[in-house]
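Undergrad: The structure's right below; bear with me while I get my questions together.
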Amino acid sequence: MPELPEVEITRRRIEPLLLERQIARVKTTRDSYFFLTKPKTLRRALPGRRVTAVTRQGKYLIADLDNGQRLLLHLGMTGQFFGAGATSVRLLSSTQRAALSPETQVKFEPDEHTHLQLWFDDAGPAVFFRDVRKFGKVRLLKCNESDPRLDRLGIDALKVSGEDLFRASKPRKAAIKNLLLDQSVCAGIGNIYADEALFISGVRPTRRAFRMTRSECNQLATNLQRVLSRSIETGGASISDFVGPDGEDGHYQDETQVYGRTGKPCHHCATTIRRTVLAQRGTHYCPSCQR
DNA sequence: GTTCCCCTGCGG
DNA sequence: CCGCAGGGGAAC
């Protein structure tokens, strides 16, 4: 799912569900790729703790704990971080969905994909982290412990300037889209927003980075901010898995110009949108508007 | 730089 | 059956 806007939406809406509540009980699935910190360690360390803040760096969420430790979370491709009260068909498999009448609202019950369950000592809702593909990550950092994943992040995509992009582009012969996806250059951009910002900027994703002009880099930086901010405004993009912590869908998927529109007419010039592959990702562009 | 892999599910 | 999917890291 999640790129910067979806992670930011998750941060804003999960924070009030966590702040100043004492964790009473922690349930996990068995150890897997998902757990950078062993599940047994989490079950032992988290009870008794309170979250004092939730921040975001690129696509990572960081929950500060009241003892100075920090919980590092990444949603991967299919991560869902939500309150127990959330009701959304996106929390169900398609077979489960098919068995339901459209109006039914089913309370979510933790399943085999619900890798982390935080239960509190008050009457409020539990908080769950579910991730079908297990590309997500959870790690408990000790006081002042750093993490190489955070250390290598570049400037946040909401703050990147045209000059930053221009400087990073000069020595690169790879495609500009690959540069945008490189989290050490600029943190938070993923496949959807790279394609969308390049479309608005009139730049083809396959363009060699060093061929970008200063003015195109300025345009690109502006359009990245525009696209990311607009997506945050609309609650993020709910393409297949993303739900907000309250179970709400985002709506940005209804506004994409090129992403997911292969074979459809460009909204600007009606030329058929094409799909190619860059950095192992489906890449969507208008061959007429983007040069 | 590419290429392959992690994992599960959906849709053609 | 096959290809595809908002991610990222390690190995060539």
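Undergrad: In region A:118-154, what count of residues is obtained for those that are within 16 Å of DNA strand C (Cβ to nearest atom), β-branched (Val, Ile, Thr) and under 19 Å from residue A:24 (Cβ atoms)?
TA: Looking only at that region, the number is 1.
Undergrad: If I ask for residues that are within 14 Å of DNA strand C (Cβ to nearest atom) and crowded, with 18+ Cβ neighbours inside 10 Å, which ones from region A:155-177 would you list? Spell out how you get there, then give the answer.
TA: Keep residues of region A:155-177 that are within 14 Å of DNA strand C (Cβ to nearest atom), which gives A:156-157, A:174, A:177.
Across region A:155-177, the qualifying residues are A:157, A:177.
Undergrad: Based on what the data block shows, is residue A:78 under 18 Å from residue A:137 (Cα atoms) and among the polar types (S, T, N, Q)? Show your work before the answer.
TA: Details: under 18 Å from residue A:137 (Cα atoms): yes; among the polar types (S, T, N, Q): yes.
Yes, satisfied.
Undergrad: Where in region A:43-110 are the strands (runs of 3 or more DSSP E), entirely inside, with at least 3 residues that are open to solvent by 30 Å² or more (accessible area, probe 1.4 Å) and modelled with pLDDT of 95 or more?
TA: Filter on region A:43-110 gives A:51-57.
Undergrad: For region A:182-193, check the following and say yes or no: at least one residue is outside the structural domain of residue A:76 (by TED's automatic domain parsing), open to solvent by 40 Å² or more (accessible area, probe 1.4 Å), at pLDDT 95 or above and within 13 Å of DNA strand C (Cβ to nearest atom).
TA: Scanning region A:182-193, I find at least one residue that is outside the structural domain of residue A:76 (by TED's automatic domain parsing), open to solvent by 40 Å² or more (accessible area, probe 1.4 Å), at pLDDT 95 or above and within 13 Å of DNA strand C (Cβ to nearest atom), so the answer is yes.
Undergrad: For region A:255-276, indicate whether the set of residues that are aromatic (Phe, Trp, Tyr), modelled with pLDDT under 95 and closer than 30 Å to residue A:91 by Cβ is non-empty.
TA: Scanning region A:255-276 turns up no residue that is aromatic (Phe, Trp, Tyr), modelled with pLDDT under 95 and closer than 30 Å to residue A:91 by Cβ.
A quick yes/no check of all residues on (1) within 16 Å of DNA strand B (Cβ to nearest atom); (2) within 22 Å of the chain's Cα centre (by Cα); (3) over 30 Å from residue A:222 (Cβ atoms); (4) not assigned by TED's automatic domain parsing to the domain that holds residue A:186:
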residue	(1), (2), (3), (4)
A:115	yes, yes, yes, yes
A:121	no, no, yes, yes
A:126	no, yes, yes, yes
A:130	yes, yes, yes, yes
A:135	yes, yes, yes, yes
A:144	no, no, yes, yes
A:147	no, yes, yes, yes
A:159	no, yes, no, no
A:164	no, no, no, no
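Undergrad: Continuing with this model, one more query. With respect to residue A:247, determine if the residue is under 28 Å from residue A:127 (Cα atoms) and either assigned to a loop (DSSP other than H, G, I, E, B) or within 16 Å of DNA strand B (Cβ to nearest atom) (or both).
TA: Against the criterion (under 28 Å from residue A:127 (Cα atoms) and either assigned to a loop (DSSP other than H, G, I, E, B) or within 16 Å of DNA strand B (Cβ to nearest atom) (or both)), residue A:247 qualifies.
Undergrad: Can you give me the number of residues within region A:1-18 that are without any contact (Cβ under 8 Å) to a residue 24 or more places away in the chain and either of a type in the set (A, V, I, L, M) or within 14 Å of residue A:233 (Cα to Cα) (or both)?
TA: Number satisfying all stated conditions: 1.
Undergrad: Moving on. Please state which one of A:291, A:204 is touching a Phe, Trp or Tyr at 6+ places or on another chain (Cβ under 7 Å), open to solvent by 10 Å² or more (accessible area, probe 1.4 Å) and away from DNA strand C (no atom under 16 Å from the Cβ).
TA: A:204
Undergrad: So, in region A:260-276, how many residues would count as being within 16 Å of DNA strand B (Cβ to nearest atom), out of contact with any helix residue (DSSP H, G or I) (no Cβ under 9 Å at 6 or more places or on another chain) and either open to solvent by less than 70 Å² (accessible area, probe 1.4 Å) or in a loop (DSSP other than H, G, I, E, B) (or both)? Steps first, please.
TA: Going residue by residue through region A:260-276, those that are within 16 Å of DNA strand B (Cβ to nearest atom) are A:260-264, A:275-276.
Still in the list and also out of contact with any helix residue (DSSP H, G or I) (no Cβ under 9 Å at 6 or more places or on another chain): A:261-264, A:275-276.
This time we only want the ones that are either open to solvent by less than 70 Å² (accessible area, probe 1.4 Å) or in a loop (DSSP other than H, G, I, E, B) (or both), so: A:261-264, A:276.
Counting residues in region A:260-276 that are within 16 Å of DNA strand B (Cβ to nearest atom), out of contact with any helix residue (DSSP H, G or I) (no Cβ under 9 Å at 6 or more places or on another chain) and either open to solvent by less than 70 Å² (accessible area, probe 1.4 Å) or in a loop (DSSP other than H, G, I, E, B) (or both) gives 5.
Undergrad: How about region A:233-244: which of its residues are within 13 Å of DNA strand C (Cβ to nearest atom) and either open to solvent by 10 Å² or more (accessible area, probe 1.4 Å) or outside any loop (DSSP other than H, G, I, E, B) (or both)?
TA: Of everything in region A:233-244, those that are within 13 Å of DNA strand C (Cβ to nearest atom) and either open to solvent by 10 Å² or more (accessible area, probe 1.4 Å) or outside any loop (DSSP other than H, G, I, E, B) (or both) turn out to be A:234, A:239, A:240, A:241.
Undergrad: So which pairs qualify, if the first residue must be in region A:128-149 and over 22 Å from residue A:18 (Cβ atoms), the second must be outside any loop (DSSP other than H, G, I, E, B), the Cβ gap must be under 8 Å, and the two must be at least 6 apart or on different chains?
TA: A:134/A:115; A:135/A:79
The values are calculated or read from the model by the stated rules, or taken from the named source; none is laboratory data. Model, not experiment: these values are computed from the prediction. Quick reminder, even Gly has a Cβ in these numbers, built from the backbone with ideal geometry, and neighbours come from all protein chains shown. Surface accessibility is based on the protein's heavy atoms, side chains included, excluding ligands, DNA and RNA. Shrake-Rupley method; radii C 1.70, N 1.55, O 1.52, S 1.80 Å.
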